[in-house]
Amino acid sequence: MDIKEIIEGEFGLTVHNVIALGQGLDSIAYLVNKEYVFKQSKHDEARISLKKEIQVLNYLKGKLTLQTPDIEYYSEEYGVCGYKEIKGDKLTPDIYNDMSDDEKDRLIQDIVLFLREMHSMPLPDIDGLEWDVMEDYKSDYDALREMIYDKIPDKSKGYLDDLYQRILNDGRIANYVRALCHNDLSCKHIIVQNHKAVGIIDFGDAAITDRDKDFVYLLEDSREEIGREFGLKVLECYHHPNVDIPILKADLNDEYYPVEQILGGQARKLDYMYNEGLSKIINI
């Protein structure tokens, strides 16, 4: 069934028009009737994640200053949910650069308020929400050794062994503050209107995990993100006790990306993604 048939058949909402907003590896989003955003899962694992996301959003309802998706429609069978669109634009470097200094400061304050509200909440009892960072790294290491060690040169094996030794023996990574995290807080998930933050979207990766995960993308230097200087201002406003640690984790996140490509490509049967990550490891 296409999204129009699902919406009309499952929810009784007459669909006048549908516009595809974009898609990722796990879901595709549509704007329906110029009013509702509907999110459709692309595979079974994404359906499970969507169920968890909705539980998180229901838990957060009424607890945050910025708007978050308020789920009105949900089908577990089809892996589809719908909510009224949070009006505004996704934050971009161009939008940020067009802001006045006062508007930039206010944006940072609003993001920090969101993070402080999230990180100070009592941890909800939601199945599958807990993410142990170190256990995840160990699991990845085991999977890589089984999956690719017979395909890569000794130099690449040595690099991966060294990478995981650095990670697994670093107390700055292992000893973290647990909190409820958005866990994918990037520019594209921050909604602004008239140069002011109004909402946060896409809680599909939300987890109870290392609170520093919420600073990783804000510290990223890329075309999509504002840049490290912006992330440092967020950390300063947040009054993080040791900014060197989230910086370390942001740098590690960049280095770790080929591993995520290999494991994610294998799990989703996306050969281009798997091969891209494998090529990077082989050519290190």
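Of the cross-linked pairs LYS42/LYS157; LYS151/LYS280; LYS51/LYS196; LYS249/LYS269; LYS84/LYS196; LYS39/LYS269, which ones have a Cα-Cα span greater than 24 Å in the structure shown?
Violating the 24 Å Cα-Cα cut-off are LYS42/LYS157; LYS51/LYS196; LYS249/LYS269.
Taking each pair of distinct Cα atoms in the chain once, what is the resulting Kirkwood hydrodynamic radius in Å?
Hydrodynamic radius (Kirkwood, Cα only) of the chain equals 20.4 Å.
Given labels modelled 7 Å from the Cα in the Cβ direction, how far is it in nm from LYS155 to ARG268?
Label-label distance for LYS155 and ARG268, simple model: 3.0 nm.
Over all directions, how big on average is the projection of the convex hull of the alpha-carbon atoms in segment 71-195, in square nanometres?
If I average the Cα hull's projected area over directions, I get 12.7 nm².
What distance in nm separates the simple spin-label points at GLU45 and LEU66, each placed 7 Å from Cα in the Cβ direction?
2.7
Which of LEU168, HIS119, TYR59 sits closest to the plus end of the dipole of the chain, meaning its Cα is farthest towards the positive end, when Lys and Arg get +1 and Asp and Glu get -1 on the C-beta?
Final value for the positive-end residue is TYR59.
Across 5 Å bins from the origin, how do the percents of Cα pairs in segment 140-227 run, short distances first?
Calculated P(r), rounded to whole percents: 3, 12, 14, 15, 16, 16, 13, 6, 3, 2, 1.
Using a 1.4 Å probe over the heavy atoms of the protein chains, calculate the carbon and sulfur portion of the accessible area of segment 34-124 as a whole percent.
Here it works out to 43 percent.
Size of the dipole of segment 115-264 about the Cα centre, Lys and Arg at +1 and Asp and Glu at -1 on the beta carbon, nothing else charged, in debye to 20?
With only Lys, Arg, Asp and Glu charged at Cβ, the dipole is about 420 debye.
If you filter segment 130-186 for trypsin sites (Lys or Arg not before Pro), then keep DSSP loop positions with at most 10 other Cβ within 10 Å, what is left?
LYS151
Which whole-number percent gives the relative contact order of the chain, counting Cα pairs below 8 Å spaced six or more residues apart?
Relative contact order comes out at 16 percent.
What accessible area per residue comes out for segment 1-142, rounded to a whole number of Å², with a 1.4 Å probe?
Value for segment 1-142: 55 Å² per residue.
List the residue ranges in the chain for DSSP H helices whose C-alpha atoms run 18 angstrom or more along the long axis and whose Kyte-Doolittle average is -1.0 or above.
Helix filter hits for the chain: 44-60, 101-119, 154-168, 244-268.
With the crude spin-label approximation of a point 7 Å out along Cα→Cβ, what separation in nm comes out for ASP136 versus ASN194?
About 3.8 nm separates the two model spin labels.
Only loop residues by DSSP count here, and only those with at most 14 other Cβ atoms within 10 Å; note down the trypsin sites (Lys or Arg not before Pro) in segment 218-282 that meet that.
ARG223, LYS269
Could you tell me which of ALA207, ILE190, ILE226 has its Cα farthest along the dipole of segment 181-230 towards the positive end, charges placed at Cβ (Lys, Arg +1; Asp, Glu -1), taken about the Cα centre?
Highest projection toward the positive end goes to ILE190.
Could you give the dipole magnitude of the chain about its Cα centre, charging the beta-carbon of Lys and Arg +1 and that of Asp and Glu -1, in debye to the nearest 20?
In debye, rounded to 20, the chain gives about 220.
How much net charge surrounds GLY277 when only other residues with a Cβ under 13 Å from its Cβ are counted (Lys, Arg +1; Asp, Glu -1)?
After counting each charged neighbour, the total is -2.
How are the Cα pair distances of segment 43-118 distributed, in percent, across 5 Å bins from 0?
Computed distribution, short to long bins: 3, 12, 18, 19, 17, 14, 10, 5, 2, 0.
In whole percent, how big is the carbon plus sulfur part of the accessible area of segment 125-204, probe 1.4 Å, protein atoms only?
Carbon and sulfur together cover 43 percent of it.
The values are calculated or read from the model by the stated rules, or taken from the named source; none is laboratory data. Remember, predicted model here, so these are calculated numbers, not experimental data. Virtual Cβ from ideal backbone geometry, glycine too; neighbours counted across all protein chains shown. Note: accessible area is taken over every heavy atom of the protein model, side chains too, but ligands, DNA and RNA are not part of it. Shrake-Rupley method; radii C 1.70, N 1.55, O 1.52, S 1.80 Å.
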